[in-house]
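There's a structure below that I have some questions on.
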Amino acid sequence: MMPGRRWGPGWWWSATTGRHVVHGSAAMRTRLMVLDRDPDVTGLSARPVRLLWRDTADGRVRSWVPQLFARYADGTGLLADCPSSLAAGGDRAQQARVVLEAACTRVGWTYRRLEPPPAVVAANLRWLAGYRHPRNQGPPGLRPALAEAFAAPRPLADGAASVGDPLQVLPAVYHALWSGWLAARLDEPLSERALLCAHRDDRGRADVPAASAAEWSEG
């Protein structure tokens with residue numbers, strides 16, 4: 001993307017689908033990133049449909065192509081546009097919003113205009129997205145070792161060093177943060193001092209396979 005320009009065409013590799021999704025702007029890429037990290041999202045596509053309708057005010061046929069579609073695990077869908085601000089697109093976008101909301105309601109979907117997340121959250125997610133590929137999760141014994149290291153809140157660098165060589169462990173830590181089974185505050189800058197903790201289920205257990213740190217240290 002050229003400096004000062006808001007458009008940024010390209011391809012996003014989706015960890016959800018294992019395939020690429022085209023994007024046409026930085027704002028769209030950011031929302032793709034957020035949806036790709038959502039564990040309830042099972043499918044993503046770009047510009048999936050063109051809607052046509054007749055404007056009751058002047059009888060003219062109007063059209064609109066939503067930027068994104070997300071399929072959720074419960075079978076519902078989300079059609080979305082990704083403006084740089086809610087005011088972007090002017091009256092035409094607002095008129096389309098009314099039509100799209102009504103059309104989606106009829107088929108059990110939702111339509112939303114999705115603003116970019118706060119700058120700090122977006123920056124943290126961009127960093128973690130660099131580790132979203134499964135190759136960064138490390139060998140099988142590493143995940144339970146990290147769950148043990150971060151069973152209670154602990155600084156990122158301290159916990160990673162307790163497991164092994166940070167050059168090997170840190171990619172798995174960032175992959176775990178992207179995947180959600182390690183948790184940290186993403187509304188604050190992510191640093192080596194950030195507190196991490198293993199995500200726990202409703203019964204308070206770490207959401208990882210039963211195994212010990214020895215599997216990683218011996219692997």
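The values are calculated or read from the model by the stated rules, or taken from the named source; none is laboratory data. Computed from a predicted model, the values in this text were never measured in an experiment. Here the Cβ is made from the backbone with ideal geometry for all residues, glycine too, and neighbour counts use every protein chain on show. Only protein heavy atoms, including side chains, enter the accessible area calculation; ligands, DNA and RNA are left aside. Shrake-Rupley method; radii C 1.70, N 1.55, O 1.52, S 1.80 Å.
From the backbone phi of the stretch 125-134, what are the Karplus-calculated ³J(HN,Hα) couplings (6.51 cos²θ - 1.76 cosθ + 1.60, θ = phi - 60°) in whole Hz, Gly and Pro given as x?
Values per residue, Gly and Pro as x: 5, 4, 5, 5, 4, x, 10, 6, 5, x Hz.
HN-Hα J couplings of the stretch 41-53 from phi, Karplus 6.51/-1.76/1.60, θ = phi - 60°, integer Hz, Gly and Pro as x?
Karplus-based 3J(HN,Hα) across the stretch 41-53 equals 7, 10, x, 9, 8, 10, 6, x, 7, 10, 9, 10, 8 Hz.
For the chain, with a Gaussian network of springs between Cα atoms less than 10 Å apart, report the residue from VAL49, VAL107, VAL120 with the top mean-square fluctuation.
Looking only at VAL49, VAL107, VAL120, the largest GNM fluctuation is found for VAL107.
With all protein chains present and a 1.4 Å probe, how do LEU100, LEU190 order by accessible area, largest first?
LEU190, LEU100
Something else about it: Looking at the square roots a ≥ b ≥ c of the eigenvalues of the Cα gyration tensor of the stretch 66-122, which shape do they give, rounded for a/c under 1.5, prolate if a/b is larger than b/c, or oblate?
Taking the square roots of the gyration eigenvalues as a ≥ b ≥ c, the stretch 66-122 is oblate.
Amide H to amide H, which residues 5 or more places from SER25 or on other chains are under 5 Å from it, using H placed in the peptide plane?
Here the answer is GLY8, since their amide H atoms fall under 5 Å of that of SER25.
Just subtract the alpha-carbon distance of VAL98 and GLU115 from 0.36 nm times their residue separation and send over the number in nm, one decimal.
Once the chain is fully extended between VAL98 and GLU115, it gains 4.4 nm.
Let me ask something else about it. Placing +1 at every Lys and Arg Cβ and -1 at every Asp and Glu Cβ, with all other atoms neutral, what dipole size does the chain have around its Cα centre, in debye to the nearest 20?
On the way: 27 positive and 21 negative charges, 215 e Å.
Using Cβ point charges on Lys, Arg, Asp and Glu, the chain gives about 1040 debye.
Additional query: Tell me the net charge near TYR72. Cut-off is 11 Å between Cβ atoms, TYR72 excluded, with +1 for each Lys or Arg and -1 for each Asp or Glu.
-2
How about the stretch 120-202: which trypsin sites (Lys or Arg not before Pro) there lie in a loop by DSSP and see at most 14 other Cβ atoms within 10 Å?
Details: sites: ARG126, ARG132, ARG135, ARG185, ARG193, ARG200; in loops: ARG132, ARG185, ARG193.
Of the trypsin sites (Lys or Arg not before Pro), the ones in loops of the stretch 120-202 whose Cβ has at most 14 other Cβ atoms within 10 Å are ARG185, ARG193.
Starting at 0 and stepping by 10 Å, how many percent of the alpha carbon pairs of the stretch 9-56 end up in each bin?
Calculated P(r), rounded to whole percents: 25, 48, 17, 10, 1.
Another question, if that's okay. Using 5 Å bins from zero, what percent of all Cα-Cα pairs in the chain falls into each bin?
Once binned at 5 Å, the Cα pair distances of the chain give 1, 6, 13, 16, 15, 14, 11, 9, 6, 4, 3, 1, 1, 0, 0.
Right, another one. For the chain, build the charge dipole from Cβ charges (+1 Lys, Arg; -1 Asp, Glu) around the Cα centre, then report which of LEU128, ALA184, ALA46 sits farthest towards its positive end.
After comparing all options, I get ALA46.
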